[in-house]
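Undergrad: Below is one structure. I have some questions about it.
Computed from the coordinates by the stated procedures, all read-outs in this text should not be read as laboratory data. Bear in mind the structure is a predicted one, so any value in this text is a computation, not a measurement. Every residue, glycine among them, receives a Cβ derived from its backbone with ideal geometry; neighbour counts consider all protein chains shown.
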Amino acid sequence: MLVELHILQNFAPANLNRDDTGMPKDCEFGGYRRARISSQCFKRAVRQEFDAGLIEPQFLAIRTKRLVGELVKRLQAQGKDAQAAQNVVKSALGGVKLEVNDDGKTQYLLFLGSQEISNLTDLCVAHWDRLVSAAADATPDQGGTTRRRAKSVGKDAVPKEVRDAADAILDGGKAADLALFGRMLADLPDKSIDAASQVAHAISTNRISMELDYYTAVDDLQPEDTASADMIGTVGFNSGCFYRYSNVDMRQLTSNLQGDEDLVRQTLEAFLRASVSAVPTGKQNSMAAHNPPSFVLAVVRKSSLWNLANAFLKPVRPREGKDLAACSVEALDRYLGKLVAIYGEDSIVGAWAVSIEDDGVTHLKDRLVPNFDDLVSGVLAHAAADTGNVG
């Protein structure tokens, strides 16, 4: 089964996701300039919601280049010497071709489940003496050893039994966020994990123009000095009603979570709830754009994913008696009705919607439920029907 989530969310003036110049991200869509919030930004916000109690910590992942420091800290807590622990950790990681730079960081960000990190700690303790010896054997000579050769030497210095044990640890650790969003390990392609979820960039249903807030700051110790401010600056912002789209492949999620059906259900529920409550943090101390969605539609289908962004090819504009959010809901409902009329809905198993602006809902009128909890219950009751046979 495939689960789709369609969200319409109107944000007050904000700069939730900045580009390299500090301005809100934007894009052209349908020939018009739109506000944009990147998929990475929303995925980060969703993961932060997981940390707020939706998923137990042991089923979450950590993204870091500082894995060595974390493992050393855990080994020190078990009474190991810091320098020896660092050598052992580097040796263990080198055994699976994860190279550590001179600054103690890995070459790139690693996305590892909490259980994977715990198991790596246990591996270092269980094979401590052998890894100490391997670390000494892997020390490159001073004769111009190449980076590739050094990596090969480091790997070969670790006994095969230890390499195999370390390799077996890197299975995703049944981490919910890793299972949803996937990972790529450049040096260990067979340990990469295909994401069970796809998340689109959020784009505004309305045409936007960038605005600038010019601000000044007064020195509290000389407030009477009005000739000039002690700090001046500008910050960009805009306001838009964003269409957000994401989906989850239940078979892939089940495979990534090693067939744990209870965890699959918990992860899907957490994803639904986190997606609705997640708000990016950019410039929030200055803007406080904490605006919940006006409309949420969840669809469970067997095939044929539908991103409904084309409902807004023509920018939505408020009109007499209807605000921007209400007109956006109406446009999405109308467009979905047209798709169903042309292509049918045989692939749809179920659909549930909640809307603050329900007077513009026609096609989806029979799909409206009283509250978000009912939407979640409907999805969970139907989405798990096809999670078996993932081998």
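Undergrad: Tell me which residues come under 5 Å, amide H to amide H, from ASN10 once H is placed; ignore anything under 5 positions away on its chain.
TA: PHE242, SER294
Undergrad: Now for a separate question. On full extension of the chain, what length is gained from LYS65 through THR216, given 0.36 nm per residue of separation minus the C-alpha to C-alpha distance?
TA: Taking LYS65 through THR216 to full extension adds about 50.5 nm, to one decimal.
Undergrad: Let me ask something else. Would you list, by chain and number, the aspartates and glutamates whose Cα falls below 20 Å from the Cα of LYS43, excluding same-chain residues fewer than 8 positions away?
TA: Within the straight-line limit of under 20 Å, LYS43 reaches these aspartates and glutamates: GLU4, ASP19, ASP20, ASP26, ASP51, GLU56, ASP177, ASP194, ASP249, GLU269.
Undergrad: Students often get this wrong, so check it: of LYS65/LYS191; LYS302/LYS365; LYS65/LYS97; LYS65/LYS90; LYS25/LYS283, which have C-alpha atoms separated by over 19 Å?
TA: On the way: LYS65/LYS191 17 Å; LYS302/LYS365 22 Å; LYS65/LYS97 15 Å; LYS65/LYS90 13 Å; LYS25/LYS283 13 Å.
Too far apart for the 19 Å limit: LYS302/LYS365.
Undergrad: Which one of GLN107, SER39, VAL279 is farthest out on the positive end of the charge dipole of the chain, using unit charges on Cβ (Lys, Arg +1; Asp, Glu -1) and the Cα centre as origin?
TA: It is GLN107, whose Cα lies furthest towards the positive end.
Undergrad: Run the helix sum for the chain: -39,500 (n - 2.57) per DSSP H stretch of 4+ residues, divided by residue count, reported at 222 nm to the nearest 500 deg cm²/dmol. Working shown, then result.
TA: Working: 13 runs with 144 residues, N = 391.
The helix contribution divided over the chain gives -11000 deg cm²/dmol.
Undergrad: Testing the spin-label approximation: label points 7 Å from Cα along Cα→Cβ at ARG44 and GLU345. State their distance in nm.
TA: 3.8 nm
Undergrad: With a 10 Å radius around each residue's Cβ, average the other Cβ atoms per peptide and rank 120-126, 175-181, highest first.
TA: 175-181, 120-126
Undergrad: Based on alpha-carbon centroids, what's the gap between segment 256-278 and segment 18-48 in Å, whole number please?
TA: 25 Å
Undergrad: Given labels modelled 7 Å from the Cα in the Cβ direction, how far is it in nm from LYS105 to ALA82?
TA: Distance between the two pseudo-spin positions: 2.0 nm.
Undergrad: With angles folded into 0 to 90 degrees, how steeply does helix 128-137 sit against the dominant principal axis of the chain? Use alpha carbons for both and round to 10.
TA: Roughly 80 degrees, rounded to the nearest 10.
Undergrad: Using unit Cβ charges (K, R positive; D, E negative) and no other charged atoms, how large, in debye to the nearest 20, is the dipole of segment 60-143 about its Cα centre?
TA: Numbers: 10 positive and 10 negative charges, 65 e Å.
Approximately 320 debye in magnitude.
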